[in-house]
Amino acid sequence: MSHPRSVRFPDSLAQAAEKRAVSLGYPNWAAYIKGLVRYDLLVQGDHPVTVPMAVLPPVKQDAVDAHLLTLTQKGRGERGQLLKRILERVKDPAQVGNVLAGNFN
């Protein structure tokens, strides 16, 4: 049995996700999204980077998404460097989005 869900993605995030899904070999967008959910459920880890992003104002989320699209277009991610940089520069977890958007104040 299937339960339909509807989610709107900002343009930059959708472009990055579509490119990443293809590069990973998923047959379609839905398979990629299901794969992400399955992986998360399998790992059962915390989300100390992405949860704070979820509560940022839309304009800051857009800046993060634009950065992620740029990385995806280059074919490389932060691969651990993102978390390292965040931990070095952010004492307050609520400031994670600022670091990702390039605002290191």
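A short reminder: the numbers here are calculations on the coordinates, not readings from a lab. Because the structure is predicted, anything quoted here is derived from the model rather than measured. Virtual Cβ from ideal backbone geometry, glycine too; neighbours counted across all protein chains shown.
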For this session: Please determine, by comparing only the residues of region 1-27 that are surrounded by 12 or more Cβ atoms within 10 Å (Cβ to Cβ) and outside any helix (DSSP H, G or I), which one is farthest from the chain's Cα centre (by Cα).
Result: Y26
Exercise. When region 52-70 is examined, which residues are found to be surrounded by fewer than 16 Cβ atoms within 10 Å (Cβ to Cβ) and either within 16 Å of D11 (Cβ to Cβ) or among the basic types (K, R) (or both)?
Worked result: P58, V59, T70
Problem set entry | Hits in region 28-62 (condition: among the acidic types (D, E) and assigned to a helix (DSSP H, G or I)) | D40, D62
